[in-house]
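The values are calculated or read from the model by the stated rules, or taken from the named source; none is laboratory data. From a predicted model like this one, the values you see are computed outputs, not experimental measurements. So basically every Cβ, Gly included, is an ideal-geometry build from the backbone, and we count neighbours across all protein chains shown. Each accessible area value is taken on the protein alone, full model and side chains, heavy atoms only, with ligands, DNA and RNA left out. Shrake-Rupley method; radii C 1.70, N 1.55, O 1.52, S 1.80 Å.
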Amino acid sequence: MNRRSGLLGWFDTIRYKEIYRQAIGLILVAVCAWATLGGHDRVIAGFAIAVAGQLFRTFAAGTIFKNRKLASTGAYALVRHPLYLGNILILAGFALACGNLVVTVVIVLFFLVWYPAAIRYEDGKLERIFEDDWRNWSKGTNAVFPGKFSWKSLTDTSWSAHQSLIRNGELYITVYLAACAVWLWLRAHA
């Protein structure tokens, strides 16, 4: 990958590091709670979408051992980047629940600016690490949105609660999301 310098290089550094994508996504969840508009009935539907996203993330995070073993079963049998799909569902759910069009536009722009480049970067890194194994698996697996669905391939994996909840931090993310959901609920019904 060609390294850019100056402000664009700094932007790339932030965009390609998972911790920054996570932080910005979590900040946007809080923005949804803060900017919630009352008087609409989409809060429960939004929360249902966000819960589905976090459950999917939690499932995927319990089957991945980053950069040590190619994850290609479970959630990774459906898409190459299930954590990104989970993030999209979480933020889409919070955006729907908050009912604020400006916040929704900011979230859409975040995904359009951040995720395509991050996916290219991650795919390149995984291809360098896992070579033909990655190439063979990725041929039939979409990046973020499933092209096929099979319960057997989804459940044909071993899941580790410790790996997901502690090592990959999903317990802490879940607690944060729950706190933001309570905040959003209270603001929507004030």
(message) Looking only at helices (runs of 4 or more DSSP H) that lie completely in segment 44-147, which have at least 2 residues being closer than 17 Å to Ile19 by Cα?
(response) 82-98, 101-139
(message) Cβ contacts < 6 Å: first residue among the aliphatic types (A, V, I, L, M), restricted to segment 128-145; second residue open to solvent by less than 30 Å² (accessible area, probe 1.4 Å), any location; separation 6+ or different chain. Result?
(response) Ala143/His81; Ala143/Ile119; Val144/Val79; Val144/His81; Val144/Tyr84; Val144/Leu85
(request) Scan (1) in contact (Cβ under 8 Å) with a residue 40 or more places away in the chain; (2) touching a Phe, Trp or Tyr at 6+ places or on another chain (Cβ under 9 Å); (3) more than 18 Å from Ala45 (Cβ to Cβ); (4) not aliphatic (A, V, I, L, M) for the single condition Thr174 breaks and write down its number. (result) (2)
(message) Under 6 Å between Cβ atoms, which residue pairs at least 6 apart in sequence (or on different chains) link something in segment 3-26 that is β-branched (Val, Ile, Thr) with a partner that is in a helix (DSSP H, G or I)?
(response) Ile14/Tyr20
(request) Could you check how many residues of segment 96-119 are surrounded by 13 or more Cβ atoms within 10 Å (Cβ to Cβ) and over 23 Å from Ile14 (Cα atoms)? (result) 5
(message) When you check Ala35 against the structure, is it more than 29 Å from Glu127 (Cβ to Cβ), open to solvent by 20 Å² or more (accessible area, probe 1.4 Å) and touching a helix residue (DSSP H, G or I) at 6+ places or on another chain (Cβ under 7 Å), yes or no?
(response) no
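I want to confirm something. Restricting to segment 133-153 and keeping residues that are in contact with a helix residue (DSSP H, G or I) (Cβ under 6 Å, 6 or more places away or on another chain) and buried (at least 16 other Cβ atoms within 10 Å of the Cβ), which single residue is modelled with the lowest pLDDT?
Here is the first cut: in segment 133-153, the ones in contact with a helix residue (DSSP H, G or I) (Cβ under 6 Å, 6 or more places away or on another chain) are 134, 143-144, 146, 153.
Subset that is buried (at least 16 other Cβ atoms within 10 Å of the Cβ): 134, 143-144, 153.
Numbers: Trp134: 93, Ala143: 93, Val144: 93, Ser153: 69.
For segment 133-153, the residue satisfying everything is Ser153.
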(message) Of all residues being over 24 Å from the mean Cα position of the chain (by Cα) and part of a helix (DSSP H, G or I) in segment 1-35, which is farthest from Leu177 (Cα to Cα)? Just the residue, please.
(response) Gly6
(request) Filter segment 11-32 down to residues that are out of contact with any helix residue (DSSP H, G or I) (no Cβ under 6 Å at 6 or more places or on another chain) and open to solvent by 80 Å² or more (accessible area, probe 1.4 Å) and give me whichever is modelled with the lowest pLDDT. (result) Lys17
(message) Please go through segment 161-187 and give me each residue that is part of a loop (DSSP other than H, G, I, E, B) and open to solvent by 40 Å² or more (accessible area, probe 1.4 Å), ordered by number.
(response) Asn168
(request) Tell me, yes or no, whether segment 75-88 has at least one residue that is buried (at least 19 other Cβ atoms within 10 Å of the Cβ), touching a helix residue (DSSP H, G or I) at 6+ places or on another chain (Cβ under 8 Å) and of a type in the set (Ser, Thr, Tyr). (result) yes
